[in-house]
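Below you'll find the structure, written out as structure tokens, and then a few comments.
The values are calculated or read from the model by the stated rules, or taken from the named source; none is laboratory data. For clarity, every value in this text was computed on a predicted model and none was experimentally measured. All Cβ positions, glycine included, derive from the backbone under ideal geometry; neighbour counts span all protein chains shown. In case anyone asks, the SASA skips ligands and DNA or RNA and just uses the protein heavy atoms, side chains included. Shrake-Rupley method; radii C 1.70, N 1.55, O 1.52, S 1.80 Å.
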Amino acid sequence: MSAFTPQVRLRLDGQALAANWCSLARLSGNAATGAAVKANAYGLGAREVVARLSNAGCRDFFVAHWGEAEAIADIVTPGQIAVLNGVRHEDVRAVIALGAVPVLSTPHQIATWKAASGGRCHLMLDTGINRLGIGPEQMDPELFQGLEIDILASHLASADENNPQNASQLSHFIAMSAGIKANRKSLANSAGIMLGNGFHFELTRPGLALYGGMARDDMADHIAQVVYPEALILQTRLLKAGDTVGYNATFTCHDTMRVATAAIGYADGYARGLSGLGRFTHDGKLLPVIGRVSMDLVTLDISTAPEIVEGQWIDVQYELANISELSGRSQYELLTGLGTRSSRYWT
Ligand SMILES: *Cc1c(COP(=O)(O)O)cnc(C)c1O
């Protein structure tokens, strides 16, 4: 903790996070519901998120890197942590010592795991995303012999669209998994949960929707916003007609206008694409971003809110689906791009 007052902070709604997990668990029907908490829980803070979801009843956590597993291994049972990016020979001893479970994706990783007598593992099948997993051309019953597979998984490429690839991946998953012994099967991410029971199997793995992302339009009724950025006002001034604002003078005042400079910029994840498009709010009043978003600052039109003064906190509109559309960035980027310079507090 720094001794200094932060200038940009994220208010994180812990009740909304837990409620989103419960909604996704309900939508997952008879399947258990896990949580993707990779990339520091999409930027929110993995330890805080994992503690809250664990309280809500979540028992399966997915990270990408071993360092991410290590960072949460003291707050959940290590065996409940699955590591998506697999295992490398040089890490195998540390992996076994930690007790988190690798998701094996290649014949090489499977051989490494068998040679180390690693025990329980997960297995990823590639059913068409062509990213990670054993592909149809690599299927060989001998490959899986002797593996103690808990979760047999695959990952959907286009679940956020009504795309024939969904049905195609589902049928490949069913066919490829037919001969493989495993405790549980898992296919659906957030968007995949909305594709119906056929996609749920024994375990779903939402990420984005937990954190307030609308993985599909039809999720809007089930998912609440979790992340609320706030920024400190550093200065206000009165401009006259003809004055310009920000880098490259992209905004020109047509009239006398009160403006404020707030301490948030693209280094904090506030996308430069929101230049002239983003909105802040104060007491229900909308404050448009004028001119370019800079690295550490934005300028706001506060004509409608003359009460705003230096030193006040104001709210950043950050409804993910909407901001994604305005900025041209995906909802995933809007979350994972949230800077480390912001302080985070949970309500
Ligand atoms: C990131 C990830 C998820 C979660 O996906 P969302 O779209 O964020 O719900 C699930 N499974 C795997 C394999 C992932 O990499």
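With the cut-off at 1.5 for a/c, could you classify the range 58-205 from its C-alpha gyration tensor as rounded, prolate or oblate?
Oblate.
Quick check for me: using +1 on Lys/Arg Cβ and -1 on Asp/Glu Cβ, what's the dipole size of the chain about its Cα centre, in debye to the nearest 20?
340 debye
So how far apart, in nm, are the two label points at Cys22 and Thr347 if each is 7 Å from Cα heading toward Cβ?
Distance between the two pseudo-spin positions: 1.9 nm.
Lysines near Lys181 by alpha-carbon distance under 23 Å, same-chain residues fewer than 8 away left out - which ones?
Hits, sequence-local ones excluded: Lys114.
Pick out, from Leu143, Ser28, Ala209, the residue whose Cα sits farthest towards the positive end of the charge dipole of the chain, with +1 on the Cβ of Lys and Arg and -1 on the Cβ of Asp and Glu.
Of the listed residues, the answer is Leu143.
Sorted by accessible area with a 1.4 angstrom probe, largest first, how do Thr252, Thr77 fall?
Sorted descending by solvent-accessible area, the residues read Thr77, Thr252.
Between Leu234 and Ile129, what is the label-to-label distance in nm when each label sits 7 Å out along the Cα-to-Cβ direction?
3.9 nm
Return the sequence-ordered ³J(HN,Hα) values of the range 238-253 in whole Hz as given by the Karplus equation 6.51 cos²θ - 1.76 cosθ + 1.60 applied to θ = phi - 60°, using x for Gly and Pro.
These are the phi-based 3J(HN,Hα) values: 9, 9, 10, 3, x, 5, 10, 10, x, 4, 6, 6, 6, 10, 10, 6 Hz.
Tell me the angle of helix 164-177 to the major Cα principal axis of the chain, expressed in degrees between 0 and 90 and rounded to the nearest ten.
Roughly 30 degrees between the two axes.
Just report the Cα centroid separation between the range 212-231 and the range 264-301, whole Å.
Each part's Cα centre sits 20 Å from the other's.
Measure off 7 Å from each Cα along the Cα-to-Cβ vector at Arg47 and Gln15, then give the distance between these two points in nanometres to one decimal.
Once both label points are built, they end up 2.6 nm from each other.
Can you compute the FRET efficiency between Glu137 and Arg184 using 1/(1 + (r/R0)^6), with r the Cβ-Cβ distance and R0 = 25 Å? Round to the nearest 0.05.
0.50
I need the GluC sites (Glu not before Pro) found in the range 101-199, filtered to DSSP loop residues with at most 14 other beta carbons within 10 Å of theirs.
Glu161
Which net charge results when you count Lys and Arg as +1 and Asp and Glu as -1 among the other residues whose beta-carbon is under 9 Å from that of His155?
Around His155, the charge tally is +1.
Give me the lysines in straight-line cross-link reach of Lys38: C-alpha distance below 24 Å, same-chain residues under 8 apart excluded.
Lys185
Given 0.36 nm per residue, what is the gain on full extension from Asn322 to Thr250 after removing their alpha carbon distance, in nm?
Here the segment from Asn322 to Thr250 would lengthen by 23.6 nm.
Rounded, prolate or oblate: which fits the range 1-82 when a ≥ b ≥ c are the square roots of the eigenvalues of the alpha-carbon gyration tensor, with rounded for a/c under 1.5 and prolate only if a/b beats b/c?
Oblate, because a/c is 1.5 or more while a/b does not exceed b/c.
Figure the gain on full extension for Leu277 and Thr340 (residue separation times 0.36 nm, minus the Cα-Cα span) and round it to one decimal in nm.
Extra length available between Leu277 and Thr340 comes to 20.3 nm.
Quick one: order Asp150, Asp160, Asp243, Asp221 from most to least accessible surface, probe 1.4 Å.
Reading off the accessible areas and sorting them downward yields Asp221, Asp160, Asp243, Asp150.
Are there GluC sites (Glu not before Pro) in the range 294-347 that DSSP puts in a loop and that have at most 11 other Cβ atoms within 10 Å, and which ones?
Those satisfying the criteria are Glu307, Glu310.
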